[in-house]
Each structure stands twice: as structure tokens, then as C-alpha cells.
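This report concerns only the one structure given below.
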Amino acid sequence: MAGLELRQLRKSYGNVEVIKGVDLNIEHGEFVVFVGPSGCGKSTLLRMIAGLEDISGGELRIGGKVMNHVEPRDRSIAMVFQSYALYPHMTVYENVGFGLKLAKTPKDVRDQKIREAARILQMEHLLDRKPGQLSGGQRQRVAIGRAIVRQPEVFLFDEPLSNLDAALRVDTRMEIAKLHQNLGASMIYVTHDQVEAMVLADKIVVLDGGVVQQVGSPIELYQRPANLFVAGFIGSPKMNLLPVTVEAVSDGKVTISSKDLAATDIAANSSGISAGETVTLGVRPHALQISSSATLVGRVALVERLGNETNVNVELPTGGQLMAVLDGDQPLQIGHGIALGFDSSDAVIFDGEGQARHL
Ligand SMILES: Nc1ncnc2c1ncn2[C@@H]1O[C@H](COP(=O)(O)OP(=O)(O)O)[C@@H](O)[C@H]1O
Ligand SMILES: [Mg+2]
């Protein structure tokens, strides 16, 4: 049973700190995804857990034991990388079993583990092939097979799908989700793709600049982003963020308006916010609807008709832009006026520091 605890984990290269005090608990069996833009420290944090990078400060525990100075092979982990680096002259069977051979695992035990991994990954018919005779997706499965035979308590994946084409990414993503259900091991998965994070994770850790911005379930992050960074990062298309002026404040409510927006009441934690201040209104594209109450009036700048829904880019009078995703097919004309409204319970206020003011 191996849960993980990260306490104030830090990493510096020279005098540049790239992981800035990360606290995190990962329960046994949980599927955790580290997500964030390129360069935010995802791989570094994963490699620190794997033991491939020294830890500059703080404490890492796996299964309750401090692991800061334990060798990678003694951590009960297995890592799958973006570039799967298979041995080209070996068959799939030999590639999957190579680590076991090095560890001097008896031949019959090795054989049984290789065949079991091949069964789980549905690649029994590929065991005699060499990597050159496999597709990208099949090679990635071999790399995952190499991890499975080690029977680790924790699987670490660093962007394992990014070398695959779009269709294969979706298939392999589902295979990884099934693998997690079947094996019951803890998995930590790194990606810059928020959709991958949303569909795979029990728990998402959003990182930016080596700092955890928010930890939560996919739906928590979508519905209650903690700050502007998470609001803009999670969800596709991105949440609309509009600067607005505070007209009035009462307990649990803020009244806002702008040159683009008619006065609107939004339920919010209003403590410390005062009239006249500029705050940010967040509304998801899917929360906007064509409305006669005309909270927001603009001009249709771009229309994408997908059949089941219609994406509209709207230019506001002051030059700002809005994205709306409308239900069904909406034959809108570019250049025509459009009036949009939203349910105020779908809107979020972000204060001057960019912190969300959920009630
Ligand atoms: N060996 C290294 N030496 C110096 N800086 C590094 C090294 N490895 C990574 N970095 C820096 O640490 C930061 C985080 O990198 P990384 O963890 O690879 O980001 P991510 O995986 O989120 O794209 C980046 O700014 C990167 O340039
Ligand atoms: Mg990386």
C-alpha cells in the first residue's frame, strides 16, 4: 500500500529555484495528474519522485517511508517516458522482460510476468516483433509493459501520449484509464493538455512557475477555479475574463457593470471589495446564451458551425472579445449584432489579486 506525501518539496538548479515548496498527498490507488504550461516544473517534480533528480529541500515519503536518498530502483516505482526508447534489436518479448533479466529474475517467473503484461495490454500477438515493426501506439504499449512487469506500487508517466497522433492519443488514453482500474496502483501522470488531465484524473494538480495553483477533482477545478490562472487553463474554449467595475457591494453579493455589460448582481464573497474597484468577471463560453435581456451586446466576428453546437466569437463595443458556445446549429451572420446573457450563478468574480470570490 503506497501513498505518497510531498512536504515543502523544493528543487534548485544553481540559484534558480524551479520547484518552490510543493505540498501534496496522494492516496494509494489514486490517479493524479500534474498539469501546467511547458516549463512549469512538471517533469522535474516527477523525476524528483522517481529519484532521477536530487531533492534540494523538503521531504518525500512513499508508503510512509522517507525516500529523499533512496535509490530509484528501491522506491517501488516505474516510469514511462514520452520517448519510449525501446531496444531496436530486441523483440517485444525481450524488451518487456529486459529489466527482469537484469535483476536476475528466474526465466519461468519472467516468462509468466511478460505474458501477463502482454495480456493486460492486448499485445500477445506482437511479442515476436521488433520495435521497427510496430506503430507508435504499439511501441508506447511495450514501454508500459516494461513498467507493468516490475509490479510497482506507483506508476509515473511523463507525457506518454505526446508522440502519438490525435486519434491514437484518445485510444491510448482510454487504455491507460483501464490499466489504472485493473491494476489498482497509484499513478502520477504529467501532461500539458488540460483535456487529458480532465478525463484521466481523480485529482488534478495545476502547476505554474513551480508553485501549486490548485489541487482538486476535475469538476471542482472547472466549477470552482481558485484563481485566474486555473480559470484560464482548465476548460476549452477558455473562460471569458472581462474587466468590470464594482457598482455596489453587499454581504454575499457584488453588483458589477462596464461599458460592455449591463449592471448585474453576482453572488460572491465580497469582503474587502469596494465600489469603484476594478475586478474580473469570469463566464465560460458554454454559460453564454442568446438572450433578449441583452446583458452583453456585441457584433458577430466569427462563426464555427459544428452541427451539434456553434462557436461564436463576439466583438464587444470597447474592443474586447467574447467566446460563446451555443447549443445546436445557429445560422449567425458575421457583422450582425448579437445579444448574450448568462445565469449569474454561472459567473465568477476575481478580485484585484486574481483570487476567485466563490461563496
Ligand atoms: N537540468 C536542468 N538545469 C537547469 N534548469 C533546468 C534543468 N531541467 C529543467 N530545468 C528548468 O526547470 C524548469 C522546469 O522544467 P521542467 O520540469 O522540464 O518543465 P515541464 O516538464 O513542466 O515542461 C524549466 O524552466 C527548465 O528550464
Ligand atoms: Mg516536461
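When all C-alpha to C-alpha distances in the stretch 240-350 are sorted into bins of 5 Å, what percent of pairs does each bin hold, rounded to whole numbers?
Going out from 0 Å in 5 Å bins, the stretch 240-350 shows 2, 13, 23, 24, 16, 11, 6, 4, 1, 0 percent.
Calculate the spin-label point distance for S217 paired with D265, positioning each point 7 Å from the Cα along the beta-carbon direction, and give it in nanometres.
Roughly 3.0 nm, to one decimal.
May I ask you to evaluate 6.51 cos²θ - 1.76 cosθ + 1.60, the Karplus curve with θ = phi - 60°, for each residue of the stretch 113-120 and list the ³J(HN,Hα) values in order in whole Hz, giving x for glycine and proline?
Working through the residues one at a time gives 5, 5, 5, 5, 4, 5, 5, 4 Hz.
Could you give the accessible area per residue of the stretch 1-76, probe 1.4 Å, as a whole number in Å²?
Averaged over the residues of the stretch 1-76, the accessible area is 47 Å².
For the stretch 268-359, which GluC sites (Glu not before Pro) are both in a DSSP coil and crowded by at most 14 other Cβ atoms within 10 Å?
Of the GluC sites (Glu not before Pro), the ones in loops of the stretch 268-359 whose Cβ has at most 14 other Cβ atoms within 10 Å are E353.
Given Cβ point charges of +1 (Lys, Arg) and -1 (Asp, Glu) and nothing else, what value in debye, to the nearest 20, does the dipole of the stretch 40-183 about its Cα centre take? If you can, show how the numbers build up before the last one.
Details: 22 positive and 17 negative charges, 57 e Å.
Charge dipole, the stretch 40-183, about its Cα centre: 280 debye, nearest 20.
How many nm is it between the label spots at K253 and R73, if each spot is 7 Å from the Cα in line with the beta carbon?
For the pair K253/R73, the computed spacing is 6.8 nm.
Quick one: length gained pulling V66 to I290 fully straight, 0.36 nm per residue minus the C-alpha distance?
Answer, rounded to one decimal: 75.0 nm.
Evaluate the distance, in nm, between pseudo-label points positioned 7 Å from the Cα of S38 and of R119 along their respective Cα→Cβ axes.
Taking the two extended label points, one gets 4.2 nm.
Express in nm, to one decimal, how much length is gained between D111 and N308 on full extension, taking 0.36 nm for each residue of separation and deducting their alpha carbon distance.
Net length gain for the segment: 65.9 nm.
For D343 and H28, FRET efficiency with R0 = 56 Å and r from the beta-carbon atoms, rounded to 0.05? Write out the running numbers ahead of the final one.
Details: r = 40 Å, r/R0 = 0.71.
E(calc), rounded to 0.05, equals 0.90.
Report, to the nearest whole %, how much of the accessible area of the chain belongs to carbon and sulfur atoms, 1.4 Å probe, protein only.
Ligands and nucleic acids excluded, carbon and sulfur reach 48 percent.
Report the residues of the stretch 40-76 in range of a label on A103: point 7 Å along Cα→C-beta, backbone N strictly under 18 Å from it.
50-52, 62-63, 70-76
I'd like the Karplus ³J(HN,Hα) series for the stretch 94-100: coefficients 6.51, -1.76, 1.60, θ = phi - 60°, whole numbers in Hz, and an x wherever there's a Gly or Pro.
5, 4, 5, x, 4, x, 5
Please report Rg (one decimal) and Dmax (integer) in Å for the Cα set of the stretch 1-124.
17.2, 51
What Kirkwood radius, in Å to one decimal, follows from the Cα pairs of the chain?
On the way: mean 1/r = 0.0434 Å⁻¹.
Result for the chain, one decimal place: 23.0 Å.
Nearest 0.05, what FRET efficiency do Y13 and Q151 give at R0 = 30 Å with Cβ-Cβ as r?
That pair, Y13 with Q151, gives E of 0.35.
Can you list the residues, at least 5 places off or on another chain, whose amide H is less than 5 Å from the amide H of Q82, using H built in the peptide plane?
Here the answer is D158, since their amide H atoms fall under 5 Å of that of Q82.
The values are calculated or read from the model by the stated rules, or taken from the named source; none is laboratory data. What you are looking at is a predicted structure, and each value in this text was computed from that prediction instead of being measured. When we count neighbours, we look across all protein chains shown, and the Cβ atoms used for this are built from the backbone with ideal geometry, even at glycine. For accessibility, only protein heavy atoms count, side chains too; no ligands or nucleic acids. Shrake-Rupley method; radii C 1.70, N 1.55, O 1.52, S 1.80 Å.
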